[in-house]
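Here's the structure we're looking at; comments come further down.
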Amino acid sequence: MTASADSKTSGRILISVDAMGGDLGPATVVAGISLSAKKNDRIGFILHGPEDVLKPLVAKRKHLAGRCEIRNAGDVVEMEDKPSQALRQGKDTSMWSALESVRNGEASVCVSCGNTGALMLMSVIRLRKLPGIYRPAIAVLWPSQNPQRHNIMLDGGADIRADAKDLMQYALMGTSYARNGFGLERPRVGLLNVGTEEHKGRAELREAYDLIEGNARNGDFEFVGFVEGRDLPGTVCDVIVTDGFTGNVALKTGEGTAKLIRELLKEAFAHTPLSRLASILALTSLRRMGKRIDPSRANGGVFLGLNGTVVKSHGSADATGISAAVKLAFELADTGFTEKLAARVASATMLEQDADKEPDNNGEQA
């Protein structure tokens with residue numbers, strides 16, 4: 001029985017997985033989805049890649065028995081490929097095949113560790129943007145001290161540009177993600193700026209401030225106003241809105257800082273015999289902290305604004321990271337995230353159109 005047929009009788013949610021995109025190879029991807037299958041019997045998989053490579057890997061994983069259909073796709077989008085080059089390879093790649101399963105309604109979500117630019121371009125081409133969406137965005141998770149342990153930042157690099165309307169839509173999409181992915185009934189949204197004062201920042205940021213504030217009641221979220229870089233891991237808000245250029249720079253800076261902290265701690269504890277003894281005594285606490293700042297524990301950037309959900313896993317993700325991305329994909333599919341996001345955007349678009357119909361001098365709407 002195929003995974004598609006099995007899902008109809010078992011109530012499983014099917015996740016479409018690009019097996020060939022990760023730096024660590026398909027064996028790691030298969031190990032990751034097997035780990036997810038072990039933890040959650042409501043997940044099934046459609047796995048995309050060369051059948052002769054994937055079949056023996058899947059056969060070794062008992063938790064995937066009867067729950068993983070393999071779709072043969074011979075070509076691979078390499079990390080160094082330009083998006084336009086990957087698009088020309090197109091239909092024969094595992095990435096394209098994985099997206100096609102979502103487009104055809106066979107799977108609820110696509111998960112890939114592959115080339116981010118190529119994945120976004122292919123996602124837009126194959127899944128198309130939701131009606132009313134100007135630019136899709138990548139929502140990424142940022143470790144924080146909030147109860148949910150992570151804040152959501154978008155855009156993480158889907159498009160380096162964003163005008164006021166784009167930023168307003170990012171706020172709506174981020175709110176929907178926070179509500180459906182983290183169970184936050186009334187998410188707090190902040191707009192990233194160089195200061196918290198209303199007069200600061202570029203003109204499009206000040207315009208976006210007014211648009212987001214005007215949609216807060218209809219969107220059922222709390223707008224906290226401008227926030228600064230120090231608030232990314234803080235407790236001031238749950239969703240941070242910014243353009244893709246700023247967001248990607250902030251994301252890479254955060255990853256580099258986390259790596260530096262780990263290396264400095266190792267160096268400090270290895271400095272003297274006494275500090276090495278202290279590291280043994282503090283081992284449990286250090287491991288706990290390492291998990292909090294480990295990117296693989298919060299693996300998965302979500303492409304928002306498309307007719308289908310796509311989760312972009314880190315290219316260097318190990319089996320634990322792959323499993324984390326699959327868990328996120330499952331939770332979003334289980335809540336009907338794409339449909340709820342489409343309804344939220346449609347509602348905001350209608351309000352925007354109504355606001356544009358200003359009465360003329362006779363009191364009639366133009």
Q. Here are some pairs, LYS82/LYS340; LYS129/LYS259; LYS82/LYS259; which of them have Cα atoms lying more than 31 Å apart in this structure?
A. LYS82/LYS340; LYS129/LYS259
Q.
Can you sort ILE70, ILE240 by solvent-accessible area, 1.4 Å probe, largest first?
A. ILE70, ILE240
Q | Rg over Rh [alpha-carbon atoms, Kirkwood Rh] for the chain | A | 1.01
Q: Could you go through the stretch 70-80 in sequence order and give the Karplus-derived ³J(HN,Hα) for each residue, using 6.51 cos²θ - 1.76 cosθ + 1.60 with θ = phi - 60°, rounded to whole Hz, and x for Gly and Pro?
A: 9, 10, 5, 9, x, 9, 10, 7, 7, 4, 8
Q: Within the chain, what's the longest run with no GluC sites (Glu not before Pro) in a DSSP loop and at most 10 other beta-carbon atoms within 10 Å? Give the range, please.
A: 198-363
Q: May I ask you to evaluate 6.51 cos²θ - 1.76 cosθ + 1.60, the Karplus curve with θ = phi - 60°, for each residue of the stretch 107-121 and list the ³J(HN,Hα) values in order in whole Hz, giving x for glycine and proline?
A: 10, 8, 9, 9, 10, 9, 9, x, 3, 4, x, 5, 5, 5, 4
Q. Taking all protein chains as present, what is the carbon and sulfur share of the accessible area of the chain, in % to the nearest whole number, probe 1.4 Å?
A. 52
Q. Which of the aspartates and glutamates could be linked to LYS39 by a straight reach, that is with a Cα gap under 19 Å, when you skip same-chain ones fewer than 8 residues away?
A. ASP6, GLU69, ASP318, GLU331, ASP334
Q.
Binning at 10 angstrom from zero up to the longest distance, how are the C-alpha pair distances of the stretch 11-165 distributed in percent?
A. 11, 35, 35, 17, 2, 0
Q) Put a dot 7 Å past each Cα toward the Cβ at ARG186 and ALA27; how far apart are the dots in nm? A) 5.3
Q | Full-extension gain in nm, LEU286 to ILE261, via 0.36 nm per residue minus C-alpha separation | A | 7.9 nm
Q. What order do LEU87, LEU251, LEU232 take when sorted by accessible area (1.4 Å probe), most exposed first?
A. LEU87, LEU251, LEU232
(Q) Given the whole protein assembly as supplied and a 1.4 Å probe, what does the accessible area of CYS68 come to in Å², nearest 10? (A) 30
**Q.** Cα gyration tensor category, rounded, prolate or oblate, for the stretch 56-105 with a/c compared to 1.5
**A.** prolate
Q | Per residue, in Å², the accessible surface of the chain once ligands and nucleic acids are set aside, probe 1.4 Å | A | 48
**Q.** Anchor LYS38: lysines whose Cα lies under 24 Å away (excluding residues fewer than 8 positions away in-chain)
**A.** LYS8, LYS55, LYS60, LYS62, LYS291, LYS312, LYS327
(Q) Amide H of ALA19 versus every other amide H placed in the peptide plane: which residues, excluding those fewer than 5 positions away on the same chain, fall under 5 Å? (A) HIS48
Q. Taking a 1.4 Å probe, which of VAL124, VAL194, VAL227 shows the most accessible area, and what order do the others take after it?
A. VAL194, VAL124, VAL227
Q: Go ahead and estimate [θ] at 222 nm for the chain from helices alone: -39,500 (n - 2.57) per DSSP H run with n ≥ 4, summed, over the residue count, rounded to 500.
A: -15500 deg cm²/dmol
Q: Would you kindly state how much longer the chain becomes between VAL249 and GLU198 on full extension, computed as 0.36 nm times their sequence separation minus their alpha carbon distance, in nm to one decimal?
A: 16.0 nm
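The values are calculated or read from the model by the stated rules, or taken from the named source; none is laboratory data. Quantities reported herein were computed from a predicted structural model and do not represent experimental measurements. Glycine also receives a Cβ, built like all others from the backbone with ideal geometry; neighbour counts cover every protein chain displayed. For accessibility, only protein heavy atoms count, side chains too; no ligands or nucleic acids. Shrake-Rupley method; radii C 1.70, N 1.55, O 1.52, S 1.80 Å.
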